[in-house]
1. Within the stretch 13-51, can you find the residues that are within 29 Å of residue 301 (Cβ to Cβ) and either out of contact with any helix residue (DSSP H, G or I) (no Cβ under 6 Å at 6 or more places or on another chain) or modelled with pLDDT under 95 (or both)?
2. Considering each residue of the stretch 94-130, count those that are farther than 15 Å from residue 262 by Cα, surrounded by 15 or more Cβ atoms within 10 Å (Cβ to Cβ), out of contact with any helix residue (DSSP H, G or I) (no Cβ under 6 Å at 6 or more places or on another chain) and touching a residue at least 24 places away in the same chain (Cβ under 8 Å), and give that number.
3. Do we find a residue being in contact with a strand residue (DSSP E or B) (Cβ under 9 Å, 6 or more places away or on another chain), within 26 Å of residue 47 (Cα to Cα), outside any helix (DSSP H, G or I) and touching a residue at least 24 places away in the same chain (Cβ under 8 Å) anywhere in the stretch 489-501?
4. When both residues are 6+ apart or on different chains and their Cβ atoms are under 9 Å apart, which pairs have a first residue that lies in the stretch 145-156 and is without any contact (Cβ under 8 Å) to a residue 60 or more places away in the chain and closer than 11 Å to residue 281 by Cα, and a second that is more than 10 Å from the ligand (Cβ to nearest atom) and part of a helix (DSSP H, G or I)?
5. Can you give me the number of residues within the stretch 325-364 that are more than 16 Å from the ligand (Cβ to nearest atom), closer than 21 Å to residue 15 by Cβ and outside any loop (DSSP other than H, G, I, E, B)?
6. Looking only at the stretch 365-381, filter to residues that are surrounded by fewer than 21 Cβ atoms within 10 Å (Cβ to Cβ) and over 26 Å from residue 406 (Cβ atoms); which one of those is farthest from the ligand (Cβ to nearest atom)?
7. Out of (1) surrounded by fewer than 22 Cβ atoms within 10 Å (Cβ to Cβ); (2) farther than 26 Å from residue 406 by Cα; (3) more than 16 Å from the ligand (Cβ to nearest atom), the odd one out for residue 173 is which?
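The values are calculated or read from the model by the stated rules, or taken from the named source; none is laboratory data. Keep in mind that what you see is a predicted model, and the values were worked out from it rather than measured. Counting neighbours? That spans all protein chains shown, and the Cβs are built from the backbone with ideal geometry, glycine included.
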Ligand code: F6P
């Protein structure tokens with residue numbers, strides 16, 4: 001498949017020219033010129049209220065971005081994904097995470113597979129198993145019910161369930177706790193297991209390939225801990241270990257009964273897999289009904305993405321706006337700022353989604369890209385971020401577009417000390433204030449008019465004109481979490497489609513894995529020379545061997 005260079009298109013050049021025309025126009029001016037802007041540059045999708053009015057875009061910008069999406073064939077590519085075409089060309093695979101949340105009978109048949117039938121069969125198996133654990137019918141080797149579930153996985157086999165479990169804290173069944181072990185740093189598994197009782201612990205080994213070094217190493221460590229702790233033989237494994245994987249052979253080789261395996265398929269990318277069996281820990285924690293609501297949230301946004309015209313299509317529009325800053329304003333990153341402690345892991349989750357998907361330098365046909373690709377996402381929950389890095393957002397020299405996420409209702413609302421509003425009101429007043437100040441700032445004249453020492457005035461000027469998207473929802477429900485994830489998945493898709501890159505492979509992570517495998521025996525040896533190594537790595541290995549104290 002040959003990709004045309006989108007940066008050579010008229011649509012792209014029109015945007016370059018347009019950016020020059022509006023580069024000096026401020027958000028203050030845009031709002032003054034268009035009093036309806038704040039109410040009209042809004043999209044409502046499912047439960048989400050998405051305000052994109054505080055962006056450095058005019059109606060003409062949106063028209064030109066829509067033309068760019070048309071030129072790049074974004075909607076045709078979207079349709080090819082939903083239809084199950086092999087759009088992941090380098091791995092010759094379909095990309096069908098949308099089928100994981102489609103109603104029964106509504107996913108395409110792919111390569112002879114009854115996708116919908118298989119998806120719903122696994123969901124039913126997950127549901128039955130989850131209920132067994134939740135109701136205490138699933139017993140460990142000593143006959144005790146399960147109180148703790150440990151998901152062992154990494155990347156997409158960790159970040160998704162870990163993020164969603166935390167987000168859905170309010171829905172977790174009392175008496176059940178999930179833990180997430182990912183890092184091959186022994187501190188991770190050790191610190192987690194130290195708090196647990198082997199008799200009441202269930203391990204979910206989650207790995208698409210079941211070949212990931214970190215996951216298998218941690219799973220073996222957990223298995224040793226279990227058998228030592230129970231003082232029992234291998235037969236205890238069947239009661240305390242289940243697997244989530246696409247690879248039954250490797251699951252069996254590890255010693256897990258494949259009857260206790262929950263499958264998924266090669267057309268689910270790791271970073272798109274929390275809505276597959278990879279979400280098993282979440283389903284155990286919140287129950288199959290809540291999990292179904294979670295999938296329903298994805299589905300609401302999928303349906304919108306699949307049908308809404310580009311100019312009203314929230315994920316397409318937000319993806320295009322992200323690209324507008326990174327490719328036409330030279331922005332280096334996007335901050336994601338959830339005003340919700342329960343969404344604390346959402347920025348980390350999105351980092352894998354966007355950076356592993358779109359951190360690519362060649363187009364699908366192998367030719368080099370000619371524009372910056374792959375937005376860098378980062379962030380922390382508000383209000384913590386305000387007291388840490390917001391100074392740079394407000395007065396620094398870099399343009400950092402930001403997404404603010406907030407909710408109308410909190411599960412845990414408490415009164416404030418001065419009796420004005422509640423803590424949730426206080427949290428949200430911070431969100432609204434920040435986006436307002438970022439957009440409109442405060443001028444030198446306004447500051448001087450307050451009687452400020454003239455020498456200090458320049459230091460207090462708030463330049464404003466710093467763009468934000470605000471995404472609001474009534475409450476952080478399972479459905480809303482699904483809606484938010486799908487909203488970002490399809491933004492990432494849109495950007496990849498414009499850049500002409502494959503968002504669904506990740507070859508860049510392979511070489512490091514291979515070389516770590518080659519270096520392990522070199523490092524572990526006492527005296528073998530660090531042969532064939534560059535002088536820097538060789539010196540580091542010698543230093544490491546000298547310092548490790550064994
Ligand atoms: O190393 C990258 C990666 O392949 C991710 O894409 C994936 O989510 C993660 O490793 C874990 O892979 P697996 O689920 O196969 O263990």
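1. 30, 34, 36, 38, 39, 40, 41, 42, 44, 49, 51
2. 6
3. No: the stretch 489-501 contains no residue that is in contact with a strand residue (DSSP E or B) (Cβ under 9 Å, 6 or more places away or on another chain), within 26 Å of residue 47 (Cα to Cα), outside any helix (DSSP H, G or I) and touching a residue at least 24 places away in the same chain (Cβ under 8 Å).
4. 148/200
5. Counting residues in the stretch 325-364 that are more than 16 Å from the ligand (Cβ to nearest atom), closer than 21 Å to residue 15 by Cβ and outside any loop (DSSP other than H, G, I, E, B) gives 5.
6. 370
7. Result: residue 173 fails condition (2) only.
Yes or no, residue by residue, for (1) outside any helix (DSSP H, G or I); (2) within 16 Å of the ligand (Cβ to nearest atom):
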| residue | (1), (2) |
| --- | --- |
| 475 | yes, no |
| 486 | no, no |
| 504 | yes, yes |
| 509 | no, yes |
| 513 | no, yes |
| 518 | no, no |
| 522 | no, no |
